[in-house]
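Structure first, commentary second.
The values are calculated or read from the model by the stated rules, or taken from the named source; none is laboratory data. Worth saying up front: this structure is predicted, and the values here are computed from it rather than measured. Glycine also receives a Cβ, built like all others from the backbone with ideal geometry; neighbour counts cover every protein chain displayed. Areas reflect the complete protein model, heavy atoms only, side chains present, ligands, DNA and RNA absent. Shrake-Rupley method; radii C 1.70, N 1.55, O 1.52, S 1.80 Å.
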There are 2 protein chains.
Amino acid sequence: LTEQGVDEFALIQRYFQRPAQPTVALGIGDDAALIDPPAGHQLAICTDTLVAGRHFAPDAAGFDIGWKSLAVNLSDLAAMGAKPQSALLALTLPEADASWLKAFSEGFFALAEAHGVALIGGDTTRGPLSITVTAIGMVPSGRALRRDGARVGDMVCVTGTLGDAAAALSGIDSVAMAMRLHRPEPRVAAGALLREHASAAIDVSDGLLADLGHVCAASNVGADLRDDLLPASEALLAAVPDAGIRLRHQLGGDDYELCLCLPPDNVTAAIEALAAVGVPLHVIGRVAAEPGVRLRTADGTLMPQAHSGYKHFE
Amino acid sequence: LTEQGVDEFALIQRYFQRPAQPTVALGIGDDAALIDPPAGHQLAICTDTLVAGRHFAPDAAGFDIGWKSLAVNLSDLAAMGAKPQSALLALTLPEADASWLKAFSEGFFALAEAHGVALIGGDTTRGPLSITVTAIGMVPSGRALRRDGARVGDMVCVTGTLGDAAAALSGIDSVAMAMRLHRPEPRVAAGALLREHASAAIDVSDGLLADLGHVCAASNVGADLRDDLLPASEALLAAVPDAGIRLRHQLGGDDYELCLCLPPDNVTAAIEALAAVGVPLHVIGRVAAEPGVRLRTADGTLMPQAHSGYKHFE
């Protein structure tokens, strides 16, 4: 229901103004927010847009859209090993629908509060439904996980499992998979722990091969992956017994897991560190000198790569 | 012309990758950018969205849209007295049109380079044309110009002139006014100088009465303005001889001037400081105890307020 006569400022106050947070010097309500950077830290900052009909169905639940619009950004911070601190929300809406805004804000803040993220600013405007979140995190200076640190001989690893989101998107009816698609849990704790162990990191949002390809390009290396090592959830194994179809889902993207390169000597310690926060870490391949990302079967046969990931303008 | 097969990454690289800037630790191309905060400073951060058909005509020049998408954010930083440092660009496009992207990026970088702003990250996605820029600036700790510092007895001032943008939007044919509408010059230098003099500041984007109203509400004060003191450009005076119509334009918004409150003893010094950077500063009224913003004629008669500014969801 559109509320007549409720202006932007009243709407923002009603649904998006929360108590001030001590880490933020000045939050919502001025021309800009002010942040006191903690000593010895760098700020990590990223922005991602979700567009109705492209990143979510036009009739998707407001709660899920709110959650995911922040989650995709916290996933980027996690891939840097940064601790999320605050966010700005640019919300473009066809109408000021109070019940939708309530649900959206509840989803957004459910995830924000779980990670201690303060909403410090934003913009509300009328137009086709679209959400751009900017997230800000802190990372000890010089310790961020970057894409350009992979070295030949590193092991390629991935957190959690791959393929649930793409399987849900393909229409497979599973509550567990739908949750992975609509309310992804960014790997924030894992990313921070992996600063001690990994040489490079990226989040798997556009598909494993495309995202690992970015790491390889930035690091001037390549990678060889083994298809039988790609981790799948119990739900995916049960719902998609065909290994070929399952693989397509596993390469499909939207998983918001972390893909990492680690020196071989660090793998055991990293697996143990992540086990302590309940996040599995799987070795899926190895960094090589030859450029490009190759997927092979267990006997070494090169697999054709039908899915190189989500390209926004193809 | 849409280029087939040109993916997001190639487009971003072609038009948006510029040489690294020393103030930015890690720019475009990773999961997040990294910033080294300078000692003794706070970060000011803001975000604003421009939507096609709402904030600019669907057939507006790409150069102007690029310029203005950054300008509206630098204007917010100026209103905090912050020095712009970097920006993120979330670009939603119906198609990957290389000539439009070239023009857009030229407009964006023309303003960015004039203010030493590095593009450090962003997102490109397909959808209805919309641009969200997040701008980051630096301000000496505790010295930002806020909305909540106005005191009863302060003088209300405004930089530059008011009304050219609204007049251009109303269809008056003037190159000078069109430039004010499409390529506003954010008052960055003036904002930094005014940190020494002003008690409160806001940028006049939604209209003088609405924006000053935000300052008054945040400061628990009110304001009395004099209609005959509102500054108008020579172009506006010549094109709109009717004072009543001119006033409507002057209250119309989109001017990206700064509205300030200053203790009376600081006004002369502020005018002199801004004159040194070529920015006029005009006294237009006074801060009062009674809440609300009132516009009066020179003889004190209260004027009816037909235009209380741009409200995004009315």
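Selection of first residues in region A:46-60 that are of a type in the set (D, E, K, R) and of second residues that are open to solvent by less than 10 Å² (accessible area, probe 1.4 Å), restricted to Cβ pairs under 6 Å at least 6 apart or on distinct chains, gives the following pairs, ordered by first then second residue: A:48/A:72; A:48/A:73. Taking region B:192-226 as the range and being assigned to a helix (DSSP H, G or I) and either open to solvent by 40 Å² or more (accessible area, probe 1.4 Å) or of a type in the set (Phe, Trp, Tyr) (or both) as the test, the residues that pass are B:193, B:214, B:217, B:218.
Could you please let me know if residue A:57 is within 24 Å of residue B:93 (Cα to Cα), open to solvent by 20 Å² or more (accessible area, probe 1.4 Å) and not polar (S, T, N, Q)? Taking the combined requirement at face value, the residue satisfies it. For the criterion of being open to solvent by less than 40 Å² (accessible area, probe 1.4 Å), within 27 Å of residue B:91 (Cα to Cα) and part of a strand (DSSP E or B), residue A:107 fails. If you take the residues in region A:249-306 that are assigned to a helix (DSSP H, G or I) and within 19 Å of residue A:151 (Cα to Cα), which one is most open to solvent (accessible area, probe 1.4 Å)? If we take residues in region A:249-306 being assigned to a helix (DSSP H, G or I) and within 19 Å of residue A:151 (Cα to Cα), then A:265 is most open to solvent (accessible area, probe 1.4 Å).
For residue B:64, the criteria (1) more than 25 Å from residue A:73 (Cα to Cα); (2) more than 19 Å from the chain's Cα centre (by Cα) hold in every case but one, which is (2). Selection within region B:10-33: residues that are at pLDDT below 85 and within 8 Å of chain A (Cβ to nearest Cβ). The member of this set that is surrounded by the most Cβ atoms within 10 Å (Cβ to Cβ) is B:11.
With respect to the conditions (1) over 19 Å from residue B:90 (Cβ atoms); (2) of a type outside the set (Ser, Thr, Tyr); (3) more than 10 Å from chain B (Cβ to nearest Cβ); (4) surrounded by 17 or more Cβ atoms within 10 Å (Cβ to Cβ), residue A:41 lacks only one, and its number is (3). All of A:141, A:174 fail the test of being polar (S, T, N, Q) and at pLDDT below 95, apart from A:174.
Just one of the numbered conditions (1) facing chain A (nearest Cβ under 9 Å); (2) part of a loop (DSSP other than H, G, I, E, B); (3) buried (at least 24 other Cβ atoms within 10 Å of the Cβ) is not true of residue B:128: (3). In the set B:76, B:48, B:36, only one residue is open to solvent by 10 Å² or more (accessible area, probe 1.4 Å), within 12 Å of chain A (Cβ to nearest Cβ), out of contact with any helix residue (DSSP H, G or I) (no Cβ under 7 Å at 6 or more places or on another chain) and at pLDDT 95 or above; that residue is B:76. Restricting attention to region A:79-104, and to residues there that are of a type outside the set (A, V, I, L, M, F, W, C) and open to solvent by less than 10 Å² (accessible area, probe 1.4 Å), which single residue is nearest to the other protein chains (Cβ to nearest Cβ)? Filtering region A:79-104 for residues that are of a type outside the set (A, V, I, L, M, F, W, C) and open to solvent by less than 10 Å² (accessible area, probe 1.4 Å), the one nearest to the other protein chains (Cβ to nearest Cβ) comes out as A:92.
Give the residue, chosen from A:156, A:139, that is in contact (Cβ under 8 Å) with a residue 24 or more places away in the chain, in contact with a Cys (Cβ under 9 Å, 6 or more places away or on another chain) and open to solvent by less than 10 Å² (accessible area, probe 1.4 Å).
Working: A:139 fails: in contact with a Cys (Cβ under 9 Å, 6 or more places away or on another chain).
Answer to the selection: A:156.
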